[in-house]
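The values are calculated or read from the model by the stated rules, or taken from the named source; none is laboratory data. Please read these numbers as outputs of a predicted model, since none were measured by experiment. Quick reminder, even Gly has a Cβ in these numbers, built from the backbone with ideal geometry, and neighbours come from all protein chains shown.
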Amino acid sequence: MQKQVNRRALLQGMVGGAVALALAPNVLAAYGPPPGIISLRYNENPYGPSAKAIQAASQALRKGAYYADPVQSGLFGAITAKYQLSLDNLTLSSGSNEALHAAMVAYSKKGKVVTPGLTYSDHVSYSKRMGVEFIEVPLKEDMSIDLEGMAAAVDASVSLVYVCNPNNPTGMTLDGDTLRDFCRTVSKKAMVLVDEAYNELVDEPEYTSMVDLVREGENVLVMRTFSKIFGMAGLRVGYGMGHPDIARQVTDNLMAWPNSVGLAAATASYVDDDFIQYSRDKVIKGRAMVNETFRKNGIEPLPSQTNFVYADIGRNATVFQKQMAERNIQIRGAFESYENYSRVSMGRIEELEVFDKVFTEVYNA
């Protein structure tokens, strides 16, 4: 009887293993765009993760039964060393969205949140559903963030001000000193949350970043993510840098924390300067290609310092999105009330060559 049971278990295990092997290719195929489809819509880095990140993730996977505290300490050490911060200046989350939302929830208990009228909004939309009240300040005519208008909107009823720099979806970057002056002034009334998801891609990362204000103890929180230049959108790691009181408030309102595999990959890629430079070079080359595609079709794109380009194409962007999708190119449709503005993310260079051809044909059909 025991032999029969063992044999049955063995056969079941063999069948289960065969099924798992058969399913594995299908599961892997579900990640990223389907074959033949070019995805230029989510601001991902298709060249990542780096080889070092993949190796670290593979090693961490073998220890997946355990919580990720030791790996977290390694990443914190790399961040504090780079920016001359203390451990209590940091907060870590499952992608930057989790911490962005946690900050808004924490500070909305004291008042409203001020944001640009057009900006990155996944966490804003979620926070609205949670009852957070927002004041949205329209962009300027040139599509830049209206810092003067935002400062004027901050009164005793406001507890937090959100600025995405560079802004998404416009790709435009605020001058570092102008934003620094804004933060120093406004932070006396409300905490300023600066979302720097694309900082590693801007022309002058240190000048544009507000991390120096964190070192000075200002009422500022700077958020970063591994979803963009590091090519780890699916691994969900983000971090924030702020005064210890701010970092603690955000951490206390987090629900999810990063997984050990993502943390291991993040720690390895954070110091992989060769991969970071390689990605920058590819993005800059691709951005020039997309700008040229727009311009040769009579479209002047907004000045971007990110891995996407935003432009008024003179027609409904959502309709155009569907037309491009019919030719296997995925781009974004309209954002908010900007119905004629289209956003195109950077893909691989060979994909952008296809985009150039298809865009020109569809646009002029």
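Things to note:
- Filtered residues of the range 47-92 (kept if over 29 Å from PRO33 (Cβ atoms) and of a type in the set (Gly, Ala, Ser)): ALA65, ALA68, SER73, GLY74, GLY77, ALA78, ALA81, SER86
- Only one entry in ARG348, ARG327, ARG332, ARG315 is surrounded by 19 or more Cβ atoms within 10 Å (Cβ to Cβ), at pLDDT 95 or above, in the same structural domain as ASN45 (by TED's automatic domain parsing) and of a type in the set (D, E, K, R), namely ARG332.
- The residues listed here are ALA65, ALA51, ALA106; of these, the one that is surrounded by fewer than 22 Cβ atoms within 10 Å (Cβ to Cβ) and either free of Cβ contacts under 8 Å to residues at least 40 places away in the same chain or acidic (Asp, Glu) (or both) is ALA65.
- Selection status of LEU85, at pLDDT 95 or above, over 21 Å from PHE182 (Cα atoms) and among the aliphatic types (A, V, I, L, M): yes
- Test: THR293 is under 30 Å from GLY217 (Cα atoms) and either in a helix (DSSP H, G or I) or among the aliphatic types (A, V, I, L, M) (or both): no
- Number of the exception - ALA156 against (1) part of a loop (DSSP other than H, G, I, E, B); (2) crowded, with 17+ Cβ neighbours inside 10 Å; (3) small (Gly, Ala, Ser): (2)
- Of everything in the range 127-185 that is in contact (Cβ under 8 Å) with a residue 60 or more places away in the chain and of a type in the set (S, T, N, Q), the residue that is nearest to ARG224 (Cα to Cα) is ASN168.
- Among the numbered conditions (1) under 20 Å from the mean Cα position of the chain (by Cα); (2) acidic (Asp, Glu); (3) not in a helix (DSSP H, G or I), the only one that GLU300 does not meet is (1).
- Among the residues of this structure, SER73 counts as one that is within 18 Å of ALA268 (Cβ to Cβ) and at pLDDT below 90.
- Neighbours by Cβ (under 6 Å, 6+ apart or cross-chain): first from the range 237-249, within 8 Å of THR91 (Cβ to Cβ) and at pLDDT 95 or above; second surrounded by fewer than 20 Cβ atoms within 10 Å (Cβ to Cβ) and of a type in the set (S, T, N, Q): none
- Listing of strands (runs of 3 or more DSSP E) fully contained in the range 77-144 that carry 1 or more residues being out of contact with any Ser or Thr (no Cβ under 7 Å at 6 or more places or on another chain) and of a type in the set (D, E, K, R): none
- Residues in the range 321-353 that are part of a helix (DSSP H, G or I) and in contact with a strand residue (DSSP E or B) (Cβ under 6 Å, 6 or more places away or on another chain): GLU351 alone.
- All positions within the range 354-365 that are part of a helix (DSSP H, G or I), surrounded by fewer than 18 Cβ atoms within 10 Å (Cβ to Cβ) and not β-branched (Val, Ile, Thr): ASP356, LYS357, GLU361
- Here VAL261 meets the list (1) buried (at least 16 other Cβ atoms within 10 Å of the Cβ); (2) in contact with a Ser or Thr (Cβ under 8 Å, 6 or more places away or on another chain) almost entirely, failing just condition (2).
- All of SER127, SER121 fail the test of being buried (at least 22 other Cβ atoms within 10 Å of the Cβ), of a type in the set (Ser, Thr, Tyr) and within 20 Å of the chain's Cα centre (by Cα), apart from SER127.
- Among the residues of the range 183-197, none qualifies, meaning not one is touching an Asp or Glu at 6+ places or on another chain (Cβ under 6 Å), buried (at least 24 other Cβ atoms within 10 Å of the Cβ) and either modelled with pLDDT of 95 or more or small (Gly, Ala, Ser) (or both).
- When residues of the range 175-198 are limited to those that are farther than 23 Å from ASP155 by Cα and in a loop (DSSP other than H, G, I, E, B), the one farthest from the chain's Cα centre (by Cα): ASP175
- Condition met for GLY217 (under 15 Å from ILE246 (Cα atoms) and small (Gly, Ala, Ser)): yes
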